[in-house]
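The values are calculated or read from the model by the stated rules, or taken from the named source; none is laboratory data. Predicted, not measured: the structure shown is a model, and the values here were computed from it. Every residue, glycine among them, receives a Cβ derived from its backbone with ideal geometry; neighbour counts consider all protein chains shown.
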Amino acid sequence: MGSYWYAIYTRARWEKKVADRLSKNAIESYCPLNKVVRQWSDRKKVVEEPLFKSYVFVRINSRQQSLVREVDGVVNFVYWLGSPAIIRDSEIDLIKRFLNEYVNVRVEKTTVNVNDRIKIVNGPFMEQEARVIAVSNRSVKAIIPSLGYIMTAEKKNVEVIEQVQLPEI
């Protein structure tokens, strides 16, 4: 029985606690942490905050779903079309690469549009086909389709090589 990545809802501000409790129960989890610069009156500091509020990802097989639900702080799985949403490995890898390359990443809720697929030559999306909605001189926005989020970050060495155009009607 294969294991897949699933997104789970957590109690508000419990993302790190849930990820820690999952790992203590030998359940593979991933809580994407965003490095954010915070300004206080006397100093600046880089802190790590969860990228997706109230979300943690788990890699499990279907038999382990009940174990995940029993972990304190877990509300439920994220559902898509009546069953827990499976997140592709490539999307988890994309999040990891994006966070390794950039700081102060923002996510925005969006609806996913078909045919926004492109291929990136270099940078965190290197050789990645992704659903990207905007690439400018200063930033790049990549859609994670199964979650319906857009990641936005400052652009570094990102070049669009091909964009699929909608067919003319």
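Against the definition (outside any strand (DSSP E or B) and touching a residue at least 12 places away in the same chain (Cβ under 8 Å)), how does V68 come out, yes or no?
Against the criterion (outside any strand (DSSP E or B) and touching a residue at least 12 places away in the same chain (Cβ under 8 Å)), V68 qualifies.
Look at S29 and say whether it is without any contact (Cβ under 8 Å) to a residue 12 or more places away in the chain and either under 14 Å from F77 (Cα atoms) or in contact with a Ser or Thr (Cβ under 7 Å, 6 or more places away or on another chain) (or both).
Here the answer is no, as S29 does not meet what is asked.
Residue under question is N25, and the condition is that it be of a type in the set (S, T, N, Q) and farther than 18 Å from I92 by Cβ; does it hold?
Yes: the conditions hold for N25.
In the range 36-46, what count of residues is obtained for those that are part of a strand (DSSP E or B) and either free of Cβ contacts under 8 Å to residues at least 12 places away in the same chain or under 14 Å from L99 (Cβ atoms) (or both)?
Selection size over the range 36-46: 6.
For the range 107-119, what are the residues that are surrounded by fewer than 17 Cβ atoms within 10 Å (Cβ to Cβ) and either modelled with pLDDT of 85 or more or in a loop (DSSP other than H, G, I, E, B) (or both)?
T110, T111, V112, N113, V114, N115, listed by residue number.
All but one of (1) in contact (Cβ under 8 Å) with a residue 24 or more places away in the chain; (2) on the phi > 0 side of the Ramachandran plot hold for G82, so report the exception by its number.
Here G82 clears every test but (1).
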